[in-house]
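Following: one structure in C-alpha cells, then a few remarks.
The values are calculated or read from the model by the stated rules, or taken from the named source; none is laboratory data. Source: prediction; values computed, not measured. Counting neighbours? That spans all protein chains shown, and the Cβs are built from the backbone with ideal geometry, glycine included.
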C-alpha cells in the first residue's frame, strides 16, 4: 500500500501537510504543484488499497 500526500505548493498546502504529519507521521509520496493546479490528482496512478490525502486544491 502506498500513501500519497497531494497538495498545492503554496503556503496553505505546505502548512496543512506539516500540521497533519506532525500529528500523524507516516511515509508518503509527495505530489505537489503550483498554486491553483487543479490537475494534481491526474498525476497519481493509485492502485486498490492505496491512500490519498488531498489538501488545499482549488
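Scanning segment 1-11 for residues that are touching a strand residue (DSSP E or B) at 6+ places or on another chain (Cβ under 8 Å) and either assigned to a helix (DSSP H, G or I) or farther than 21 Å from residue 49 by Cβ (or both) gives 7, 8, 9. Restricting attention to segment 41-58, and to residues there that are over 15 Å from residue 2 (Cα atoms) and in a loop (DSSP other than H, G, I, E, B), which single residue is modelled with the highest pLDDT? Top of the filtered list is 56. Scanning segment 24-40 for residues being closer than 15 Å to residue 3 by Cβ and either without any contact (Cβ under 8 Å) to a residue 12 or more places away in the chain or surrounded by 14 or more Cβ atoms within 10 Å (Cβ to Cβ) (or both) gives a total of 5.
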